[in-house]
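Everything on this sheet refers to the single structure shown next.
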Amino acid sequence: MEVDVLIVGAGPAGSTTARYCAGKDSRVLLIDRRREIGYPVQCGEFLPAPKEMYSMFPRTMDLEELFRIDSEHVKGVSEFVDMVSPRGRRYRCSFEGMTLDRRQFDKHLVKLATERGAEVRTETAFLSMKDGLAQTTMGEIRAKVIVGADGPKSRTARAAGLKGPDMCYPAITGQAEGDFEPAIKMYFGSIAPGGYAWIIPKKDSANVGLGVDPRLHKGSLRPLFDRFLASRLLSAKDVTMGFVPQSGPVSRTVAGKVMLVGDAAGHVMATNGGGIPLAMVAGRIAGQAIGAHLKDGAPLEQYESKWRHVLGKPLDISLWTRKLGDMFFPSDRRMEFAMMALGERGLERAIRCSRVFYFL
Ligand SMILES: Cc1cc2nc3c(=O)[nH]c(=O)nc-3n(C[C@H](O)[C@H](O)[C@H](O)COP(=O)(O)OP(=O)(O)OC[C@H]3O[C@@H](n4cnc5c(N)ncnc54)[C@H](O)[C@@H]3O)c2cc1C
């Protein structure tokens, strides 16, 4: 088979890339190894409001176009983030956002791509590359451009000799029933060593989960998750596991005709694990760069310089803050002290990818 663009992975990064490079003059194929797009949901499903994204990533533009979210995909809204210390002290900051129905949202993003002419094949996995040809479970595919949007453990990255994220935190998530106030809850300390546990409200339910630093917690997450649920008097169904890149953007996202986007490229905020907005912002930049490449022969490297210009600095600050946090995470006492020292202002700056202290 021969296409102009092969995109591996139909998550937010891959489908957004497809949406911005598909058209009547280019054949774009989006493949995903899953049977159902967007399912199982391996995500907290929280998406910041565009005004928050502009404040975190001031160089982004036209976010309203990218994030025009139908109300049917929004299952809850929140106005605050409450960060709870190991001893239960609450630090509240204003932060608006919504809880998505990611099972449907991912399908919606794929539909936007197919409306522009992209073709989609599910239950189709990328396996390797041989002589520049992609080897997949549907056979060999020749493409002018190959996009690795296949998540944190990207096989496409490895096949192209690119490095995917160095470090990923394991995370577990599920759905809990109940009434929850419109505030994201983040619980820090030994309840989720090196990471945090969360409650992200929906109407009549919540997405609950936790992620940990694998250097501080070895073995299964299930006992930790059960302990967290018991401490909040909750139970969860549809429990799944996933990995969150925590080492910042990878050093190179373009090699020859292969590009990496989204989790595969480490496009995740290291202080909170959020990656949906970045996957989509980078996906749009990738799609536009591919369009210019196919039309005028513009170098694909333009993608790398553009996403670094727009997202690079906040992502670097976020990584730096996470590394600073590593000094405090191993001990509840130190964590309690650090949260008290930072206070609501400092903690808010950390989750917004800003410097936690003005002088650092
Ligand atoms: C537990 C958890 C909670 C999270 N909570 C949030 C949150 O609340 N808010 C937020 O913004 N971010 C959150 N994230 C991060 C967010 O989910 C990711 O950053 C986002 O999904 C990245 O999109 P992506 O398209 O790059 O990758 P993905 O959404 O992972 O999509 C990758 C796709 O590639 C496919 N694929 C993989 N390998 C192959 C292959 N070899 N061949 C074909 N297809 C393949 C997969 O099936 C998948 O569909 C969370 C992550 C986890 C694990």
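Scanning region 31-46 for residues that are on the phi > 0 side of the Ramachandran plot and either touching a Ser or Thr at 6+ places or on another chain (Cβ under 6 Å) or away from the ligand (no atom under 13 Å from the Cβ) (or both) yields a total of 1. Report whether or not residue 356 is touching a Lys or Arg at 6+ places or on another chain (Cβ under 7 Å) and not small (Gly, Ala, Ser). Yes: the conditions hold for residue 356.
For region 149-168, a tally of residues being closer than 12 Å to residue 246 by Cβ and either in contact with a Pro (Cβ under 7 Å, 6 or more places away or on another chain) or part of a helix (DSSP H, G or I) (or both) returns 3. Scan region 23-42 and give yes if some residue there is in contact with a Leu (Cβ under 6 Å, 6 or more places away or on another chain), touching a residue at least 60 places away in the same chain (Cβ under 8 Å) and within 26 Å of residue 123 (Cβ to Cβ), otherwise no. Checked region 23-42: at least one residue is in contact with a Leu (Cβ under 6 Å, 6 or more places away or on another chain), touching a residue at least 60 places away in the same chain (Cβ under 8 Å) and within 26 Å of residue 123 (Cβ to Cβ).
Given the criteria touching a strand residue (DSSP E or B) at 6+ places or on another chain (Cβ under 9 Å) and part of a strand (DSSP E or B), does residue 113 qualify? Spelling it out, it is not the case that residue 113 is touching a strand residue (DSSP E or B) at 6+ places or on another chain (Cβ under 9 Å) and part of a strand (DSSP E or B). The test for being free of Cβ contacts under 8 Å to residues at least 40 places away in the same chain, within 15 Å of the ligand (Cβ to nearest atom) and among the hydrophobic types (A, V, I, L, M, F, W, C) holds for residue 74.
Entry remark, region 202-213: residues being more than 12 Å from the ligand (Cβ to nearest atom) and out of contact with any Gly (no Cβ under 6 Å at 6 or more places or on another chain) number 2 in total. Candidates are the residues of region 151-188 that are under 19 Å from residue 300 (Cα atoms) and either at pLDDT below 95 or in contact with a Phe, Trp or Tyr (Cβ under 9 Å, 6 or more places away or on another chain) (or both); the one that is surrounded by the most Cβ atoms within 10 Å (Cβ to Cβ) is 156.
Given the conditions (1) touching a residue at least 40 places away in the same chain (Cβ under 8 Å); (2) touching a strand residue (DSSP E or B) at 6+ places or on another chain (Cβ under 6 Å); (3) among the small types (Gly, Ala, Ser), which single one is not true for residue 197? In the conditions (1) touching a residue at least 40 places away in the same chain (Cβ under 8 Å); (2) touching a strand residue (DSSP E or B) at 6+ places or on another chain (Cβ under 6 Å); (3) among the small types (Gly, Ala, Ser), residue 197 misses (1) alone.
The set of residues in region 125-140 being assigned to a loop (DSSP other than H, G, I, E, B) and under 22 Å from the mean Cα position of the chain (by Cα) consists of 125 alone. Restricted to strands (runs of 3 or more DSSP E) entirely inside region 170-239, those with at least 3 residues that are in contact with a helix residue (DSSP H, G or I) (Cβ under 9 Å, 6 or more places away or on another chain) are 205-211. Comparison of 215, 227 shows that the only residue that is over 15 Å from residue 42 (Cα atoms) and without any contact (Cβ under 8 Å) to a residue 24 or more places away in the chain is 215. Checking each residue of region 47-56 against the condition of being surrounded by fewer than 18 Cβ atoms within 10 Å (Cβ to Cβ), in contact (Cβ under 8 Å) with a residue 60 or more places away in the chain, more than 12 Å from the ligand (Cβ to nearest atom) and not acidic (Asp, Glu) gives at least one match. Among what's in region 231-251 and is of a type in the set (Val, Ile, Thr) and surrounded by fewer than 20 Cβ atoms within 10 Å (Cβ to Cβ), pick the residue that is nearest to the ligand (Cβ to nearest atom). It comes out as 240. Taken over region 274-306, the residue count meeting the criterion of being within 14 Å of the ligand (Cβ to nearest atom) and more than 15 Å from the chain's Cα centre (by Cα) is 3.
Results for (1) within 11 Å of the ligand (Cβ to nearest atom); (2) over 25 Å from residue 82 (Cβ atoms), shown as yes or no for each residue.
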| residue | (1), (2) |
| --- | --- |
| 144 | no, yes |
| 151 | yes, yes |
| 169 | yes, no |
| 173 | yes, no |
| 188 | no, no |
| 200 | yes, no |
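Is it fair to say residue 103 is basic (Lys, Arg), in a helix (DSSP H, G or I) and within 11 Å of the ligand (Cβ to nearest atom)? No, not satisfied. When restricted to residues that are surrounded by fewer than 20 Cβ atoms within 10 Å (Cβ to Cβ) and of a type in the set (Gly, Ala, Ser), region 95-150 contains 5.
The values are calculated or read from the model by the stated rules, or taken from the named source; none is laboratory data. Predicted, not measured: the structure shown is a model, and the values here were computed from it. Positions of Cβ are generated from backbone atoms using ideal geometry, with glycine treated the same way; all protein chains shown enter the neighbour counts.
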